[in-house]
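To start, the structure under review is shown below, and the notes come after it.
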Number of protein chains: 2
Amino acid sequence: MIEDNTKPPSPLRILSTSSESQARRAVVTTRHGTIQTPVFMPVGTQATVKAITPDNLKDIGAEVILGNTYHLFVRPGHRLIEQFGGLHGFMNWDRSILTDSGGFQIFSLKDLATITEEGAAFRSHLDGSRLFLSPEDAVAVQEALGSDIMMCLDTCIPYPADRAETVAATALTGRWARRCRAAQSRPDRLLFGIVQGGMFADLRRQSADTMVEIGFDGYAIGGLSVGEEKATMYEMTEVTTDCLPFDYPRYLMGVGTPEDLVEGVWRGVDMFDCVMPTRNARNGTLFTSTGKLILKNARYRDDPLPVDETCTCYTCRHYSRAYLRHLFVSREILAYHLNTIHNIHYYVNLMRRIREAIVDDRLAAFRNDFYGRLAAE
Amino acid sequence: MIEDNTKPPSPLRILSTSSESQARRAVVTTRHGTIQTPVFMPVGTQATVKAITPDNLKDIGAEVILGNTYHLFVRPGHRLIEQFGGLHGFMNWDRSILTDSGGFQIFSLKDLATITEEGAAFRSHLDGSRLFLSPEDAVAVQEALGSDIMMCLDTCIPYPADRAETVAATALTGRWARRCRAAQSRPDRLLFGIVQGGMFADLRRQSADTMVEIGFDGYAIGGLSVGEEKATMYEMTEVTTDCLPFDYPRYLMGVGTPEDLVEGVWRGVDMFDCVMPTRNARNGTLFTSTGKLILKNARYRDDPLPVDETCTCYTCRHYSRAYLRHLFVSREILAYHLNTIHNIHYYVNLMRRIREAIVDDRLAAFRNDFYGRLAAE
């Protein structure tokens, strides 16, 4: 087999680096525009970031959102979405979209999925129908969805997993990555390889080397935040970013808490996604500069303050904790809408402040201040 | 007892009348601005019009919303809301608010309520706690809520009800109305009397005469749309408006379908409220110029058209039936948000078109065209 050794041009342009850490301030360019990094990507599983509109996302300043290939493949189907101009046309979002490959969701189905060399056989969580996704299918589905940043189909393993199982899964992920790269038919889209390797540093390095050798537009770090200790997650992140080419985007998948974002950036990660801000919003847990605020607590019953006095989001500019608590305990739909706006704003604004700190080369001070405020509460 | 025979000045200014019907095009002025009538008032039961923001309501053109005194009295309590500058401050709405008196909701509790001369004893639907509301309390609660247009506490009867029961309830409503008028302490708020009388034309006339004799800022027609035939509802509406002073606002409570609004305006009604547009939105039933559209129907699965091609609402400008159907069958919160925007826009826009037809004195033609389009589907 003759390898094409020409590496794709990187979509990343680095603007500033941190002298104190591995952090970088950069811009990723897709066919739908630019993304200022480090960036948090709100999750829009079913062609909607739950409870808010694309206009709300733009007001907040989100430049890229994530769609879940598995969910959209199952319902309403990628061919239907393709008819509507892809996800962008279907859901009325004209900025960038990153899609996952479906691998993680299929893995989450557990008993409903079977992994073979060829691909993943699984049953729909909606109606139990038998479905199959090969690496080639995963790329074709993401191309039909009109994704700007596509992910290779990867195999995910439970945590903890022993070395033998991890070796096998990581090797299969590598073979699938090569098939995904070969299957790509739309060169205007970006395709990221996913580094696996479980909690074994040497397997992470091997996996990173494999992905870099294949050559992708960016590199994701998969298989973390699956139950391991925080220290392990940070160590595996660092082991991986150390092996990745400096000038390509790095994406830590499914992570995480605000603290995780700060630590990921410190270790050289550019992109993050997580359901935490949107899911917590619907559970009445709001992020603030001094920690989490649990709306249902009786102490907020007649509290006239906004959720966070330092916050400039739509919700904090217009509503009191007392009103938001009333909506939440009354199970009013507006609660989910306003809470989601606040939590996504918190994450997007945190990343904006991190970017400013990198540009000013004061990320260490920012990080100390960030933890100091959380501890003060 | 010495009666004060000075009638309050009417908040209604009539701009045009219909030569073909009893319809009037007018403006009602409250301390929060003007309301173009005939008007539909979206229902905001628990200090929120379900699933949308006050900014969404303003974009749609709503000038007045309704709050439910019973619900707000039970949770979070009128004293808490008063601390936040009333409902306006609490929910961030700076246009007019009409509140009901709580009578209808207490009546709806059935076994949980006992009516005496003094007032209504009832149990909270939330925790079963014992509560009491006298006519004086109903006014005090509405004043604390900061309502612009308050309603007298009335007694509601089941349908059908016999003459004796109707006579007794209507008489009690009259005595309570007098107590409400006497209890009003804020002359900057408007207070409406409620005409009852069940399905008996002579009792309706008696009740209207009583209310007019007491003298209110406007007159509501209560106790309709409770299960009677449409013809009966329209007849009772007409019997009542015939007895009411020409130059005061008339409000048909809890009504109704788009057809009911057209028929109510025809018979001289100025104001309407109903949960139908908001509730139907959450059930996936959308109003269009050619009738109702049931989103879950499979025929809309890949339909690229907006809900109504003649509609200019935010939802119709940005989304296809296929996308809205996907959101609805996926139980996404955004479905309730976008559907509610459309349905309220439909109602508000219908009233705008009715007002234009009155000004141009072509309401009969408008009404024929309105029914013609519905029949064409």
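Some points to look at:
- Net charge dipole size for the protein assembly as shown [Lys, Arg +1 and Asp, Glu -1 on Cβ; Debye, nearest 20]: 60
- Relative contact order, percent, chain B [alpha-carbon distance under 8 Å, six or more residues apart]: 18
- Among A:Phe216, A:Val269, A:Phe287 - extreme Cα towards positive end, dipole of chain A, charges at beta-carbon: A:Phe287
- B:Tyr336 contributes an accessible area of around 50 Å² to the protein surface, as traced by a 1.4 Å probe with all chains present.
- Take A:Ala298, push a point 7 Å out from Cα through the beta-carbon direction, and compare it with the same point in every other copy: 5.4 nm, smallest first.
- For segment B:281-365, the solvent-accessible area works out to 39 Å² per residue, with a probe of 1.4 Å and every protein chain left in place.
- Take the convex hull of the alpha carbons in chain B; its mean projected area over all directions comes to 18.6 nm².
- In segment A:295-359, the GluC sites (Glu not before Pro) that fall in loop regions by DSSP, at most 14 other Cβ within 10 Å: A:Glu309
- Taking the Cα centre of segment B:281-365 as origin and assigning +1 to Lys and Arg Cβ atoms and -1 to Asp and Glu Cβ atoms, the resulting dipole is close to 300 debye.
- Area hidden from solvent between B and A (accessible, protein heavy atoms only, 1.4 Å, total, Å²): 3200
- Rh by Kirkwood over Cα pairs, then Stokes-Einstein D for segment B:281-365 at 1.002 mPa s and 20 °C, µm²/s: 161
- Shielding of peptide B:53-59 by partners, expressed as the average count of other chain Cβ atoms within 10 Å per residue Cβ, is 2.
- A:Glu229 versus A:Gln36: modelled label distance in nm, points set 7 Å from Cα along the beta carbon direction: 3.7
- With DNA, RNA and ligands ignored, accessible area of B:Met199 (1.4 Å probe; Å², nearest 10): 50
- Relative contact order for segment B:62-107, counting Cα pairs under 8 Å that sit 6 or more residues apart, in percent: 58
- Alpha-carbon radius of gyration plus Dmax, which is the widest Cα pair, for the protein assembly as shown in Å: 30.7, 107
- Cα-Cα separations in segment B:210-364 greater than 26 Å, expressed as whole percent: 37
- At least 50 Å² accessible surface lost relative to isolated chain, residues of segment B:321-336 (1.4 Å probe): B:Tyr323, B:His326, B:Glu332, B:Ile333, B:Leu334
- The distance between label points at B:Arg373 and A:Asp361 comes to 6.6 nm (points 7 Å beyond Cα on the Cα→Cβ vector).
- Length-normalised contact order for segment B:87-217 - Cα pairs under 8 Å, 6+ apart - percent: 22
- Axial C-alpha extent at least 24 Å, average Kyte-Doolittle at least 0.0 - helices from chain B (DSSP): B:333-359
- Reciprocal mean inverse distance between Cα atoms of segment B:124-240 - Kirkwood radius, Å: 14.8
- The lysine pair tally for chain A, using Cα distances under 23 Å and a gap of 8 or more places or different chains, is 4.
- Percent accessible area from carbon and sulfur atoms, segment A:281-365, protein chains only, probe 1.4 Å: 45
- The convex hull built on the alpha-carbon positions of segment A:1-72 has an orientation-averaged projected area of 8.3 nm².
- Shortest first, B:Gly85 label-point distances to identical copies amount to 4.0 nm, with the label point at 7 Å from Cα along Cα→Cβ.
The values are calculated or read from the model by the stated rules, or taken from the named source; none is laboratory data. Quantities reported herein were computed from a predicted structural model and do not represent experimental measurements. Note: ideal-geometry Cβ built from the backbone for every residue, glycine included; neighbour counts use all protein chains shown. To get the accessible areas, we keep the full protein, side chains included, count just its heavy atoms, and leave off ligands, DNA and RNA. Shrake-Rupley method; radii C 1.70, N 1.55, O 1.52, S 1.80 Å.
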